[in-house]
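Heads up: the structure comes next, in structure tokens.
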Amino acid sequence: MADADGPGGQSQRASERQLLPIGMSANLQLASGEKIVVTLRDLSTAGVCAVRNGPGRFQEDAQLTIELIDYDRGQRLEVPASVRWVKPGRFSTMLGLQFEENGEEVAPFIAEHRGGGSGT
């Protein structure tokens, strides 16, 4: 999964990205069992761009589960994913995550948030 902000430089997305309201959070459960809270930047049926405050020790191709949460609507969805790119920053770490299975189960979650931003 390449992203204009990721190491590849150019977007190679096969599905439309949906920008999300600022502050929408998710949990990442690593293979070690550790849970990490991230903020979502955008979401598509193929994957998600997540931001972790502070440094992170993420490796490309690492397997994890992302738990998408919308507290206002009472929605929670767990999706297996893998890390496609990592972009460390001064105060945060950006992650490009690709869903392992067909991300169509994410489509209803995306549809609920269409008003939160515009796809790019």
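The values are calculated or read from the model by the stated rules, or taken from the named source; none is laboratory data. Computed from a prediction, not measured in an experiment: that's the story for all the values here. Glycine gets a Cβ as well: all are built from the backbone with ideal geometry, and neighbour counts include every protein chain shown.
A few points about this structure:
- Selection from the range 52-67 of residues that are surrounded by 18 or more Cβ atoms within 10 Å (Cβ to Cβ), outside any loop (DSSP other than H, G, I, E, B) and not β-branched (Val, Ile, Thr): 52, 64
- Single residue of the range 70-90 satisfying the filter (of a type in the set (Asp, Glu) and assigned to a strand (DSSP E or B)) that is farthest from the chain's Cα centre (by Cα): 70
- Among the numbered conditions (1) modelled with pLDDT of 85 or more; (2) under 13 Å from the mean Cα position of the chain (by Cα); (3) part of a loop (DSSP other than H, G, I, E, B), the only one that residue 93 does not meet is (3).
- Among the residues of the range 11-58, the ones that are charged (D, E, K, R) and modelled with pLDDT of 85 or more come to 5 in all.
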